[in-house]
1. What is the calculated FRET efficiency for residue 443 to residue 256, with r their C-beta to C-beta distance and R₀ = 35 Å, to the nearest 0.05?
2. Calculate, in nm to one decimal, what residue 316 and residue 112 gain on full extension: separation in residues at 0.36 nm each, minus their alpha carbon distance.
3. Using a/c under 1.5 as the rounded threshold, could you call the stretch 135-376 rounded, prolate or oblate? The axes a ≥ b ≥ c are square roots of the C-alpha gyration tensor eigenvalues, and prolate needs a/b larger than b/c, oblate otherwise.
4. Ranking request for peptides 245-257, 309-321, 270-282: highest mean number of other beta-carbon atoms within 10 Å first, then the rest in descending order.
5. Convex hull over the alpha-carbon atoms of the stretch 395-448: what's its volume per residue in Å³?
6. Can you show me the helix-derived [θ] at 222 nm for the chain, built from DSSP H runs with n ≥ 4 at -39,500 (n - 2.57) apiece and divided by the number of residues, rounded to the nearest 500.
7. Using the C-alpha atoms of the stretch 9-124, what convex hull volume per residue, in cubic angstrom, is computed?
8. Normalised by the empirical 2.2 N^0.38 Å for globular proteins, what value does the Cα Rg of the stretch 279-406 take?
């Protein structure tokens, strides 16, 4: 892959010869670049341009990683002479690309005096483009599991509001939001959240995806399994989330705290550690989703552990599932029976799903994600008086209110197709009396014409 504009070799040689030295040439420019999370660890970042012969891997033009995880280089360049350039990882096969993997034009800049130029690389030519929907960012907090990366989905109104949000913690963070960082496909958690929040099916929520590591077998299992030669570090992993990560997330973001608004979900071994957290750490996580959970681990130790326990006092929502094409359905049913025997009620605080034809992989977990979220997360409260939930009580809302009422007793008799009496009550029952009455009329009038 080559840049879109070239200069003759003779000119390139002249430019290179003139500006490869450290002698100041009129302008001092610091290029600072933010690179995508998908960048392979250990790769160097280079700047290549018409000022150095378009060499994509010249060691003299390698950037240096900064403490804030950006990369930077300071160059002496002719003042007032426009330049063209791109960033690479050492070759034209690894040149930067646009957010959808498309070619991008050469970057341009006219050096003047002392400047800092901030840039963002969307993706690289040899790496699958990002599939992130909405706002997903990442951070590394050194005290948490030796600097384990976490990805954070923020709801659509996060930056326009002062609201605090529930938090869902998930494992295998690489696979949750972005095909570019996943090793086996993504769960499309961001797409599911954007859709359900936009449709007002769930309240806005923050999702924290925790990167897995080579220690996954130990961290996601509370017991050792002699057949695999690993396991048993689950409590340490959960305690690190509880004692180190959660306080940091609460510090960085506007979160609702406590088990009532703190949830967990994971698949496979991640599902196993999630269900274990629901039983042994219900003072931290009050709602859980074990997706295709590995209940077989260590001779079904999770089933034995749960059977010996009482119903977790603070666990208000327990979701588990498995595809019918997976092995382990008997274990899923056994866990369901244990939970029911402890007092969980199917269809109320327990949902056990057998997904027809689904196998054990991210594609099917993505298909099930919307229903998982619908069960874990509450719907938003009704927008009282604001039928359209657009933040304004206006004539459109008045038209709906009029269609929802009839006669002096304001009994709901909607005439608009598809609207139920319960819809009317949810939208205009200001006093919480489970009906529409004159008090609601007065409250709506006050909201409409304050």
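1. Working from the Cβ atoms, E equals 0.80.
2. Full-extension gain reported as 67.3 nm.
3. Note, shape of the stretch 135-376 comes out rounded.
4. The peptides rank, most packed first, as 270-282, 309-321, 245-257.
5. 67
6. -8000 deg cm²/dmol
7. Each residue corresponds to 103 Å³ of Cα convex hull volume.
8. Dividing the Cα Rg of the stretch 279-406 by 2.2 N^0.38 Å gives 1.44.
Read the figures in this text as sums done on the coordinates, not as results from a lab. A quick note: this is a predicted structure, and the numbers were derived from the prediction, not measured. Neighbour counts are summed over all protein chains in view; Cβ atoms, including those assigned to glycine, are modelled from backbone coordinates with ideal geometry.
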